[in-house]
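Have a look at the structure below before the remarks.
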Amino acid sequence: MCFHAALHHRWCVYQLEEMDEMARERIVSALNELRSAFDLPENQGQGQLLHAVRLLTLSERRTLFFHAGLTTQEFDQPLRRIDESDCRWAKALNLALGELHSLFAEAPDILTSIKPEHYFRSEHYFRSEHYFRSEHYFRPE
């Protein structure tokens, strides 16, 4: 997840609520992106694997390859190699695709990086006198 969110590996040991706002936003964005990317049938056949990989964006594809334990050497190969009979890494890619599908199949529909206590702060702001005083400056005359 941290890899896809382009966060340094040190963030991997933090829980979401321990992260600063920027890191939380990046993690939640990555979760949303990966959830929609890997929301596909779990068992892809060899012929369907190439099609599934081609539908992914470059960053999603990179996440898939590295989740499969593959290196940049395999990642830099033409995608058509997946369909070739001597492709040794297609099986690992297919397994990783299934794993990522099962990881994100039950993800919640709504993800947010906002901590619950921040909801109350914004509500407090909208009830404050400052908010109501600023309204009168925008009244049509």
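Miscellaneous remarks
- Residue pairs meeting the criteria (Cβ under 7 Å; at least 6 apart or on separate chains; first in contact (Cβ under 8 Å) with a residue 60 or more places away in the chain, in the stretch 80-101; second of a type in the set (A, V, I, L, M, F, W, C) and in a loop (DSSP other than H, G, I, E, B)): L100/F38; H101/F38; H101/L40
- For Q77, the conditions (1) touching a helix residue (DSSP H, G or I) at 6+ places or on another chain (Cβ under 8 Å); (2) surrounded by 13 or more Cβ atoms within 10 Å (Cβ to Cβ); (3) outside any helix (DSSP H, G or I) are fulfilled apart from (1).
- Out of I82, I27, sole residue that is in contact with a helix residue (DSSP H, G or I) (Cβ under 7 Å, 6 or more places away or on another chain), in a helix (DSSP H, G or I), at pLDDT 90 or above and not acidic (D, E): I82
- Output for the stretch 62-74, where each listed residue is in a helix (DSSP H, G or I) and surrounded by fewer than 16 Cβ atoms within 10 Å (Cβ to Cβ): T72, Q73
The values are calculated or read from the model by the stated rules, or taken from the named source; none is laboratory data. What you see is a predicted model; the values in this text were computed from it and never measured. Cβ: placed from backbone, ideal geometry, glycine included. Neighbour counts: every protein chain shown.
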